[in-house]
1. For region 492-502, what does the Karplus curve 6.51 cos²θ - 1.76 cosθ + 1.60, with θ = phi - 60°, yield as ³J(HN,Hα) per residue in whole Hz, taken in order and with x for Gly and Pro?
2. Which of the aspartates and glutamates could be linked to Lys237 by a straight reach, that is with a Cα gap under 14 Å, when you skip same-chain ones fewer than 8 residues away?
3. Restricting to region 145-265, compute how many DSSP beta bridges are antiparallel as a %, nearest 5.
4. Gln12 label point, 7 Å along Cα→Cβ, cut-off 12 Å on backbone N: hits in region 24-52?
5. On the Cα set of region 1-111, report Rg and Dmax in Å, please.
6. Could I have the simple spin-label model distance between Lys437 and Asp168, label points 7 Å from Cα toward Cβ, reported in nm to one decimal?
Amino acid sequence: MDQTVSEFLLSQFSEFIAASLGLYFPRQRWGDLERGIGSAAQEFGFKDAGSCMQWLMSSPLTKDRVEILAAHLTVGETYFFREKRSFEILEAHIFPELIRSRRGTHQSLKIWSAGCCTGEEAYSIAILLRKMLPDLQDWQITILATDINPRFLRKASEGLYKEWSFRDTPLWIKEKYFRQKKGGYFEVLPDIKRMVTIFYLNLVEGAYPSLLNDIHTLDLIFCRNVLIYFAPEETKKVIQKFYLSLREGGWLVTGPGEAAHVLFSQFTTVNFPHAILYNKGSKGPTSGKGFGGYGWVAEDIPLNLGQTEGSHSPGGGTMPVLKEVLGSGEQTSPGKGTMQAMAPPGEGPIFPEKPGPSPRQPAEAALTGDLYREALMLYERGRYPEAAERAMELLSHEQEGLGLQGKTAGLLARAYADQGRLDAALLWCERALAADKLNPEYHYLLAAILQEQGQVEEAVRSLKRAIYLNQNFVLAHFTLGTLSRRRGKFKESARCFENALSLLQGYRQDDILPGSEGMTAGELSELMASMTQRRK
């Protein structure tokens, strides 16, 4: 094959890979692409890369072909506590403040390792939290680990590593959190492994933020050395989806110098010594050592990874508390009956003043319909505060006869839930149910909110009501299965997953499931498969 044809094929194939996998190979990286496909060609049974490329582009990629391509076109170079400066910042500042603000109220943390490779990063986070939380059993810890490479995910699920994965890790971590196996392997201890949920996700095409895969209202996203694989436009989309997936005050950690800071303009850029992190919070000065305009100066942070467990006091030491920037989340209380729905400054009241009755005019009816459509459009674009504002405006109009009371309350509940304002979301969801008690979607939404608040038993009851009202509600069956699994009820979970899989047979693989925020039937099937394959 001559050079011209080779360049033409590489150009076509790079576009095909970008469209199919979201992986970006510009002209200057065609050499990497050619080497990768040359290696993959042998596994596919071809003698040359050109014939393999033409064959792959001749039909849609199957799951098996995607797995082989991802294995040869992505790099799996990682180790425990890699780029330890980021972990030092987590240990000395971010986790202590989160722990302090949640302790005694809603004790939960939610973290996502996006592009987790073979799992070392996610398990490093789990180990760090295990070290910092002596009362870990009293916390609801969610650590999600996703990747596009199924082979990486299988290794992450096995939790077996050799010495090379510990090359820059203190010895005591390996001795305390791993057990030695035959063949020079070290296995992650079961209690650490159980802290991490591993599943397949394409960051470009995947559905998130989403209640289904728990990628929403996150406290922290790790996405290091991953964005380099995406085209600039795709990178913008992924960063925006990260922003929407974080709760207010949440953090994004990327690789050093991985992307231009202009792409993170919606975040507050936080300059630590030798590291830059991004905060979803109040805007302020982003240069120098100042932190978000609150007058805090990032001094050199002491290294604690070398200390043994028990030598760290969460929230203690001399590190200043940054409550102004992180906040304490929504104003929640552990009991459902004692919630205080308080709106943060500048967001307006949660309950609008209700005007007295007035005669309905046709123009007003048209106005309320337009307001609802506008609020829904803003919500679907991820502009949750604006959606809530429009919905509030809609509720200031008399609505009898339009059937919008329940719909508007439900939309407000979703908008507040996606901002992490769970008390407000709960109250508006209850208003939606008061308007339409037989709506299974509202019971499902109520279950999602209760689950986020740690009220698992109440969430289970709401899911069962949703299924009673609609036995074909595939998302309710799936969510009930995940909650049953977390409660250790594996037989019940298996039955729920079987029901969901049976219902999914009525969908095509690429059909988007109603109410799923963009998740396809195939993606949900894969998510269930990855959950059931993990060791209990």
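1. Coupling constants for region 492-502: 5, 4, 4, 5, 5, 5, 4, 4, 5, 5, 4 Hz.
2. The reachable aspartates and glutamates, counting only those whose Cα sits under 14 Å from Lys237, are Glu205.
3. Values: 6 of 14 bridges.
Rounded to the nearest five, the antiparallel share is 45 percent.
4. Within reach of a label on Gln12: 50-52.
5. 21.3, 69
6. 6.1 nm
Values in this text are rule-based calculations from the coordinates and carry no lab data. Just so it is clear, the structure is predicted and the values come from calculations on it, not from any experiment. Methodologically, a virtual Cβ is constructed for each residue, glycine included, from the backbone with ideal geometry; neighbour enumeration extends over all protein chains shown.
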